[in-house]
Amino acid sequence: LGAARRARLPPGEMGWPLVGGMWAFLRAFKSGKPDAFIASFVRRFGRTGVYRSFMFSSPTVLVTTAEGCKQVLMDDDAFVTGWPKATVALVGPRSFVAMPYDEHRRIRKLTAAPINGFDALTGYLPFIDRTVTSSLRAWADHGGSVEFLTELRRMTFKIIVQIFLGGADQATTRALERSYTELNYGMRAMAINLPGFAYRGALRARRRLVAVLQGVLDERRAARAKGVSGGGVDMMDRLIEAQDERGRRLDDDEIIDVLVMYLNAGHESSGHITMWATVFLQENPDMFARAKAEQEAIMRSIPSSQQGLTLRDFRKMEYLSQVIDETLRLVNISFVSFRQATRDVFVNGYLIPKGWKVQLWYRSVHMDPQVYPDPTKFDPSRWEGHSPRAGTFL
């Protein structure tokens, strides 16, 4: 970098050769005290909001303030996606984690429409309602304890597969579910492709996932060639049909990588957040009673002629919405995300050199007492009439 540029780097340390700060990072998360990792930088170097380290095989700047995260996320000229090698290899080089900005925007627009909005959600609600109800009954009839997170993942996976691969049979769903479980273990691991390491097992799981999805894709294309329709249109159908203004269609690798990403993100995040919301409510009986009373009042207001819940009913769930926001603040779907600097750029007055990776520590923002008083306390009422400042709720 040269002496002048090096002098403008954020405070920090690059750690051990090759390993960098990864041992300290992994040790903090394995200990059940994830905040200890960033806390060690704050303790040694002060509250500068940005720190340097060597993470996931790259020189990296850690950004831990709302203003810093907002700057990096909003500046598409100075920063592009910069996910670790392991994540890109496992989700796929043609997925959102690696594609250029313009392509990302095009595919996101194409794939968001079928899963958002009033009509889309209204169409999915009956299946979600039936799946959740049947899952709850099965757990109740089990007669003993169940692995709650495992069962939640199974339930949310059924829902997400229905949305993205509507016609998938049970054998396909089970094969996908088993592979996704193994894939997740390696998603943020170090990219060490040796026996016994999570990354190696996750690569095997990805190959199995690709094989299953390629099989479904081949069947869909063959059916289309014969003029056979499978009934409803799901995400795979929409991706097959998609074309840009020049008439270019997505190839099989692009379709599969987008599906691998969406199927993983959709069920994994939903399962974890549902688990933690349940845990927090169980630990706080008064909050549980209030959330339950709200649901019972909504159930009483539903006319006898109505089958299941509607989006109008969901909009009445004001306290439950606060519970979910507070769960997302305290737990995070993703505690950190990754960018890469395309040129020399300054954040909080410190240099991020061109080519360096940037880690945005959402969790540090959510646990900042200056942003959220008493941040370790689960308090849904903090969201009552509160609109978070830009960059403070990520």
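The values are calculated or read from the model by the stated rules, or taken from the named source; none is laboratory data. Since the structure is predicted, the reported quantities are computational estimates derived from the model, not experimental observations. Note that each Cβ is placed from the backbone with ideal geometry, even for glycine, and that neighbours are counted across all protein chains shown. We work out accessible area using only protein heavy atoms, side chains counted, and drop any ligands, DNA or RNA first. Shrake-Rupley method; radii C 1.70, N 1.55, O 1.52, S 1.80 Å.
In µm²/s, what is D for the chain at 4 °C and 1.567 mPa s, where D = kT/(6 pi eta Rh) by Stokes-Einstein and Rh is the Kirkwood radius from Cα pairs? Can you show the working numbers first?
Values: Rh = 23.4 Å.
Rounded, D is 55 µm²/s.
Taking H as built 1.01 Å from N, whose amide H comes closer than 5 Å to the amide H of residue 79, not counting residues under 5 places away?
342
Antiparallel versus total DSSP beta bridges in the chain: what percent is that, nearest 5?
Working: 19 of 24 bridges.
DSSP beta bridges in the chain are roughly 80 percent antiparallel.
Using a 1.4 Å probe, how large is the accessible area of residue 91, given in Å² and rounded to the nearest 10?
10
Can you list residues from other chains, or at least 5 along the same chain, whose modelled amide H is less than 5 Å from the amide H of residue 337?
Result for residue 337 returns 360, 362.
Looking at the chain, identify the longest residue range that excludes and avoids all GluC sites (Glu not before Pro) in DSSP loops having at most 11 other Cβ atoms within 10 Å. Walk me through the intermediate numbers first.
On the way: sites that count: 147, 245, 384.
That would be 1-146.
Output wanted: per-residue J couplings in Hz (rounded whole) for segment 211-217, from phi through Karplus 6.51 cos²θ - 1.76 cosθ + 1.60, θ = phi - 60°, x for Gly and Pro.
4, 5, 5, 5, x, 5, 4
Can you compute the FRET efficiency between residue 133 and residue 321 using 1/(1 + (r/R0)^6), with r the Cβ-Cβ distance and R0 = 22 Å? Round to the nearest 0.05.
Working: r = 21 Å, r/R0 = 0.96.
According to the calculation, E is roughly 0.55.
Solvent-accessible area of residue 272, probe 1.4 Å, all protein chains present, reported in Å² to the nearest ten, please.
The accessible area of residue 272 comes to roughly 60 Å².
Can you tell me the relative contact order of the chain? Whole percent, Cα pairs under 8 Å, sequence separation 6 or more.
Numbers: 474 pairs, mean separation 93.8, N = 394.
Computed over the chain, the figure is 24 percent.
Probe 1.4 Å, all protein chains in place: accessible area of residue 6 in Å², nearest 10?
140
Give me the distance in nm between label points sitting 7 Å out from Cα along the Cα-to-Cβ direction at residue 342 and residue 19, one decimal.
The answer from the label model is 3.7 nm.
Suppose accessible area is computed on protein heavy atoms with a 1.4 Å probe; arrange 81, 60 from highest to lowest. Don't skip to the end; give the middle numbers.
Values: 81 40, 60 0 Å².
From most accessible down to least: 81, 60.
Determine the gain in length on full extension of the stretch residue 40-residue 377; use 0.36 nm per residue of separation and subtract their C-alpha separation, reporting nm with one decimal. Don't skip to the end; give the middle numbers.
Details: separation 337, 0.36 × 337 = 121.32 nm, distance 2.16 nm.
Full extension from residue 40 to residue 377 adds 119.2 nm.
Between residue 29 and residue 101, what is the label-point separation in nm under the 7 Å Cα-to-beta-carbon projection?
Using points 7 Å along Cα→Cβ, the separation is 2.8 nm.
Going from most exposed to least, what order do 41, 29 have by accessible area with a 1.4 Å probe? Before the final figure, lay out the partial values.
Numbers: 41 10, 29 70 Å².
Accessible-area ranking of 41, 29, largest first: 29, 41.
Okay, helix-only estimate at 222 nm for the chain: each DSSP H run of n ≥ 4 adds -39500 (n - 2.57), divide by all residues, round to 500 deg cm²/dmol; what do you get? Can you show the working numbers first?
Values: 16 runs with 216 residues, N = 394.
Per the formula, -17500 deg cm²/dmol.
Between residue 302 and residue 150, what is the label-point separation in nm under the 7 Å Cα-to-beta-carbon projection?
In this crude spin-label approximation the distance works out to 3.0 nm.
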